[in-house]
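The values are calculated or read from the model by the stated rules, or taken from the named source; none is laboratory data. Values in this document were obtained by computation on a predicted structure and should not be read as measured data. Ideal geometry is used to build each Cβ from the backbone, glycine not excepted, and the neighbour counts take in all protein chains shown. Please note that ligands, DNA and RNA were not included when accessible areas were found on the heavy atoms of the full protein model with its side chains. Shrake-Rupley method; radii C 1.70, N 1.55, O 1.52, S 1.80 Å.
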Amino acid sequence: MIILAAGSGVRTGYDFNKILLEINGKKVLDYSIDFFKDYEKCHEIILVCSDRDFNYMYERYSKVVAHIILGGDSRQESVYKGLLSAKNSYILIHDSARPFINSNAIDRLLIDLPTSKATTLAVYVTDSIVKTNGNRLGNALDRSKLLSIQTPQAFSRDLLMNAHKKAIKANYLATDDTDLIAKFTTVTPSFVEGDYRSIKLTTKHDVKFLKVIL
Ligand code: CTP
Ligand code: MG
C-alpha cells in the first residue's frame, strides 16, 4: 500500500501541505493511515512524503507504517519512489488528499485485481462535459462513457514498475497510474464503482464538503 502525501497543496493556498489540515478533529492524512492500518488485506504501508514534512511524518507515523520515503517533484515520481520499496506482488496506490474511504469500494477493487492486474475506483461524471475552443463550445462528449478516476488504484507491482520505467524513458507524465498502464503496456486497465463522496481535497471549497462527509 502506497499512501501519497508528497505534494504541497498549492491550489488550497495554505502555507502548509493540505493533507496536514485538520478536519473534524483529525488530519486529512490520518483518515487514510487509520483506514489502511486496520484493513486486514493491507500488509504494509509505504508513506511517501516531501522533504519539508519528513521530520514531522517520521515522528508521527514511523511506528505505524513500514517505510517513510521521500517523494519526487511530480505525483508520478512519488509513486515510482514508493514502488521501489514495495515488496508484495500486488500494490495499492492512494492519494491521501482523498480522506473519505469506503471499505466496500476497496473490497470491489481487490476482487477485480487478480484478473485485471490494473484497476481503479471511478465514478461516472454527472456534469455535461464539452470540448472548448477559446470561449466557444464544441461538441458535448457522451457522458455515459466518461469517468472521474479516483483512488485507490491497484496493480500488479511488476506491471506498474514496467510502465513507469517506460514512461520515464518516454518523458511522459500522467496524473494517474492506469493511464501509464494503458499507454505503456498491453494490459487494458479496468475500473470498479467508487464513491461520489471520495472527493479530492484540492481547493479551500472542498473543506466545507469534507466537514459534512467525514
Ligand atoms: N503528490 C505526491 N507527490 C507529488 C505531488 C502530489 O505524493 N509530487 C500527492 C499529493 O500529496 C496528493 C496526491 O498526490 O495526495 C494528489 O495530488 P494533488 O491533489 O495534485 O496534490 P498536490 O500536488 O499536493 O496539490 P497541488 O497540485 O494543488 O499543489
Ligand atoms: Mg498536484
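Please find, among GLY71, GLY9, GLY25, the residue that is on the phi > 0 side of the Ramachandran plot, within 16 Å of ligand 2 (Cβ to nearest atom) and out of contact with any His (no Cβ under 9 Å at 6 or more places or on another chain). On inspection, the qualifying residue turns out to be GLY9. Filter the range 81-106 down to the residues that are part of a strand (DSSP E or B) and either open to solvent by 10 Å² or more (accessible area, probe 1.4 Å) or away from ligand 2 (no atom under 16 Å from the Cβ) (or both) and list them by number. Matches in the range 81-106: TYR90, ILE91, LEU92, ASP95. Being of a type in the set (Phe, Trp, Tyr) and under 26 Å from LEU29 (Cβ atoms) is the filter here; which residues of the range 157-200 pass it? Of everything in the range 157-200, those that are of a type in the set (Phe, Trp, Tyr) and under 26 Å from LEU29 (Cβ atoms) turn out to be PHE191, TYR196. A Cβ distance below 6 Å, combined with a sequence gap of six or more or placement on separate chains, defines the contacts here; from the range 1-19, residues that are closer than 22 Å to HIS67 by Cα and without any contact (Cβ under 8 Å) to a residue 40 or more places away in the chain reach residues that are more than 10 Å from ligand 2 (Cβ to nearest atom) and in a loop (DSSP other than H, G, I, E, B) in the pairs ASN17/ASP53.
Quick check on my filter: what residues within the range 169-205 are among the β-branched types (Val, Ile, Thr) and surrounded by 15 or more Cβ atoms within 10 Å (Cβ to Cβ)? Hits for the range 169-205 are THR178, ILE181, THR185, VAL187, VAL192, ILE199.
Within the range 35-61, residues that are on the phi < 0 side of the Ramachandran plot and surrounded by fewer than 13 Cβ atoms within 10 Å (Cβ to Cβ) reach partners that are charged (D, E, K, R) and assigned to a helix (DSSP H, G or I) with beta carbons closer than 9 Å, at six or more positions or on different chains, in the pairs LYS41/ASP107.
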